[in-house]
Number of protein chains: 2
Amino acid sequence: MRTKADILPECPVATTVALIGSKWKLLIMRNLMSRPWRFNELLKSIDGISQKVLTDSLRSMEADGIVARTVYDEVPPRVEYSLTELGQSMQPIIKSMEVWGTAYKERLQSAGEV
Amino acid sequence: MRTKADILPECPVATTVALIGSKWKLLIMRNLMSRPWRFNELLKSIDGISQKVLTDSLRSMEADGIVARTVYDEVPPRVEYSLTELGQSMQPIIKSMEVWGTAYKERLQSAGEV
């Protein structure tokens with residue numbers, strides 16, 4: 001039987017890229033790092049994402065065990081998306097992107113002031 | 001005049017994602033981290049990438065100041081792609097993906113052995 005480990009790329013970077021290597025998944029991860037989010041909140045917060053792409057991305061991340069979907073038994077039912085423990089373990093990746101982006105913006109701003 | 005700093009997203013993670021938030025750019029970065037590469041070497045090494053996507057990605061990374069294209073005056077001319085200083089400064093991002101991917105693969109392999 002082929003296991004998940006067999007179908008992943010040999011390279012560890014490519015393995016990570018296979019799971020979250022898309023603009024949208026990275027932005028969803030960024031949001032979910034802080035707290036659980038509802039679908040419509042994510043849709044409004046992530047600039048330019050379509051309903052279909054958000055649905056597909058969340059499903060794919062759920063299938064990969066990164067995101068958990070919780071339905072609360074309320075009227076109307078409340079659905080929340082959160083990171084699993086596996087998803088939380090990706091925090092250093094999002095953090096390194098935040099650190100880099102912050103330094104880059106500062107660099108551009110200083111350059112603009114000259 | 002609108003500067004580069006003005007058109008970037010407010011969020012630093014989104015800024016980084018705007019520059020390297022694609023499967024292909026991340027895999028190109030991974031390769032270039034170690035040494036300069038020639039176009040055909042990259043094409044062969046990155047599984048599934050098309051000539052057009054590789055060309056477009058490299059051009060976009062060159063425009064963003066991440067990748068440098070060097071033409072050596074030989075017969076036939078040799079063209080190499082390498083990371084600029086700015087591109088090199090993204091090493092922690094690729095490294096964090098490598099660390100995560102390695103741990104994830106180990107975890108799957110252990111799970112498979114049970």
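In table form, for the structure just shown:
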read-out	value
Relative packing of peptides B:51-57, A:9-15 - highest average C-beta neighbours within 10 Å first	A:9-15, B:51-57
Net charge of Cβ neighbours under 14 Å - reference B:Leu83; Lys, Arg +1; Asp, Glu -1	+1
Cα shape, region A:74-113, gyration tensor, a/c 1.5 rule	oblate
Karplus-derived 3J(HN,Hα), 6.51/-1.76/1.60, for each residue of region B:79-96, Hz, glycine and proline x	10, 10, 10, 9, 7, 6, 4, 4, x, 4, 5, 8, 3, x, 5, 5, 4, 5
Size of charge dipole - the protein assembly as shown - debye, nearest 20, with Cβ of Lys, Arg +1 and Asp, Glu -1, no other charges	260
Coil-residue GluC sites (Glu not before Pro) of region B:46-102, DSSP, other Cβ within 10 Å capped at 10	B:Glu74
Prolate/oblate/rounded call for the protein assembly as shown, Cα gyration tensor, a/c under 1.5 rounded	oblate
Region B:43-102 and region A:17-84: distance between their alpha carbon centers, rounded to Å	30
Estimated FRET transfer efficiency when R0 is 35 angstrom, pair A:Leu108-B:Thr102 (beta carbons, to 0.05)	0.60
12 Å Cα cut-off, lysine pairs counted over the protein assembly as shown (separation 8 or more, or different chains)	5
Sequence-separation-based contact order of chain A, relative, with Cα cut under 8 Å and 6+ spacing, percent	23
Interatomic Cα distance distribution for chain B, bins of 5 angstrom, percent	2, 10, 18, 20, 17, 13, 9, 6, 3, 1, 1, 0, 0
Helical contribution to [θ] at 222 nm, DSSP H n ≥ 4, -39,500 (n - 2.57), averaged over the protein assembly as shown, rounded to 500	-18500 deg cm²/dmol
Cα-projected label distance for A:Leu43 with A:Glu85, points at 7 Å along beta-carbon direction, nm	3.3
Computed FRET value (nearest 0.05) for B:Ala18 with A:Glu10, which takes r as the C-beta separation and R₀ as 35 Å	0.75
Other-chain or far-sequence residues with amide H under 5 Å of A:Ala68's (modelled H)	A:Ser82, A:Leu83, A:Thr84
Under Karplus coefficients 6.51, -1.76 and 1.60, residue-wise ³J(HN,Hα) of region B:30-35 in Hz, glycine/proline x	3, 5, 6, 4, 7, 5
Average Cα contact separation per residue, region B:27-85, under 8 Å, 6 or more apart, as relative contact order %	39
Student exercise, chain B dipole from Lys, Arg, Asp, Glu Cβ charges, in Debye to nearest 20	160
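Taken together, the values in this text are just the output of simple stated rules run on the coordinates, not laboratory data. Worth saying up front: this structure is predicted, and the values here are computed from it rather than measured. Cβ atoms come from the backbone with ideal geometry, glycine included; neighbour counts cover every protein chain shown.
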